[in-house]
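A short worksheet on the structure shown next.
The values are calculated or read from the model by the stated rules, or taken from the named source; none is laboratory data. As the structure is a prediction and not an experimental result, all values here were calculated from the model. FYI the Cβ positions are ideal-geometry reconstructions off the backbone, even for glycines, and counts take in every protein chain you see.
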Amino acid sequence: MMGIFGRLLLLCALAACAGGAGAADPRGNREIYLYQGADREARLVERAKQEGPVVLYSTMTVQDGRVLAAAFERKYGVKVTHWRGSAEKIVQRTLAESRAGRNEVDVIETSAHRMEALYREKLLEDFHTPAFDELSPAAFPRSHRQYVADRFAFFVLGYNTNLVKPEEVPSSYEDLLHPKWVGRLAIESTDVLWFAALAKAMGEGKGLAYFRRLAAMKPMIRSGHILAAQLVASGEIPMLVTAYNNNIETLKQSGAPVAWKPIPPVFGQASAIGLARHSRRPHAALLFTEFVLSRDGQEVLKGVNRVPASLAVDSPLNKFPHQMIDPAIALDEGDKWDKSWSNLFLGGKPVERDE
């Protein structure tokens, strides 16, 4: 069965093809993206300045994008035009523009499974940057290097320290099933990929049996990770099973009575960055992507409380064993896991994503 993202790509492709396709260079920018000559850095900077503003499509917040773009411009004198949209809208727009031969975008930064969808549609390209040497192994896809994670979001237990004592916090997923947690747990409504990855890690049959037991505890269902974290801080939710640790940490630093704890196996979702195969500003595209993955760019992401993918940038948000959710789960098994999640936690209603 074709997954929801596969159908999305097919519909976008058909719609865009109906409007006429352009004659893009089939060779793309591969030679530029992979160039490693001795003059690489000087050549990249010089030609990037000649090409002009780099166009970025990203799910990054407008404010975070502004901070990152300003740091890049200060260093290289090249501006960034940031179009911020949901992950699905970024896929739609990129695919439609490519089919129409417009090729507006230079760099794409969104969730790894949406980047995998664009990779499968041959809209990205291999690239090289010395920054690869400092990235976590978890940042790279298994079979290619046409996108790489620039930031992570880890699923942890988030809890209100006025309502849950540190020594009470569960140390395993089995501990969550203790009767004392009935009515005190919450789950974010769209965390299907976490559910799928954890169930598969447990062994699919055992994993689904575990989640049936968890669903029987009637956890509260809340939409939006930031909102759910804020409800933990306010005390409406004593414990959030699928908190993003950077959201909880942000509230903690502002003085909220919250804390977080990683429960093994810890899964993360990657936001990844890649270069458009037919970018009209290839040197600027590569220079910006390299900046984002470099220590300078990763420090900027750390500064806005994101989890950096670089091992050269110290962060308290990744100091535990972890693994990334396989993007193929969303693309190849999305319908299956959506249905199971809906039946368990949403009363059969569809999963409503706004990512």
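Details
- Residues in segment 189-199 that are in a helix (DSSP H, G or I) and not aliphatic (A, V, I, L, M): 194, 195.
- Those residues of segment 127-141 which are in a loop (DSSP other than H, G, I, E, B) and either within 20 Å of residue 30 (Cα to Cα) or in contact with a helix residue (DSSP H, G or I) (Cβ under 6 Å, 6 or more places away or on another chain) (or both), in sequence order: 127, 128, 129, 140, 141
- Residue 266 falls short on exactly one of the conditions (1) over 18 Å from residue 138 (Cβ atoms); (2) surrounded by fewer than 22 Cβ atoms within 10 Å (Cβ to Cβ), and that condition is (1).
- Scanning segment 234-254 for residues that are small (Gly, Ala, Ser) and either surrounded by 22 or more Cβ atoms within 10 Å (Cβ to Cβ) or within 18 Å of the chain's Cα centre (by Cα) (or both) yields a count of 1.
- Residue match in segment 279-287 (condition: assigned by TED's automatic domain parsing to the domain that holds residue 123, over 16 Å from residue 158 (Cβ atoms) and under 18 Å from the mean Cα position of the chain (by Cα)): no
- Residue 76 falls short of the stated requirement of being assigned by TED's automatic domain parsing to the domain that holds residue 186, over 19 Å from residue 329 (Cβ atoms) and modelled with pLDDT of 95 or more.
- Residue check for residue 88: part of a loop (DSSP other than H, G, I, E, B) and acidic (Asp, Glu): no
- When segment 42-61 is filtered for residues that are of a type outside the set (S, T, N, Q), modelled with pLDDT under 95 and under 20 Å from residue 272 (Cβ atoms), only 60 remains.
- As a summary of the residue check, residue 163 satisfies the conditions (1) within 22 Å of residue 230 (Cα to Cα); (2) assigned to a loop (DSSP other than H, G, I, E, B); (3) touching a Phe, Trp or Tyr at 6+ places or on another chain (Cβ under 8 Å) except for the one numbered (3).
Residue by residue, here is whether (1) surrounded by 20 or more Cβ atoms within 10 Å (Cβ to Cβ); (2) not in a helix (DSSP H, G or I) holds:
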{"residue": "201", "(1), (2)": "no, no"}
{"residue": "209", "(1), (2)": "no, no"}
{"residue": "221", "(1), (2)": "no, yes"}
{"residue": "228", "(1), (2)": "yes, no"}
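- Among the residues of segment 293-310, the ones that are at pLDDT below 95 and out of contact with any strand residue (DSSP E or B) (no Cβ under 6 Å at 6 or more places or on another chain) come to 3 in all.
- Residue 184 satisfies every condition listed in (1) touching a residue at least 40 places away in the same chain (Cβ under 8 Å); (2) closer than 22 Å to residue 317 by Cβ except (2).
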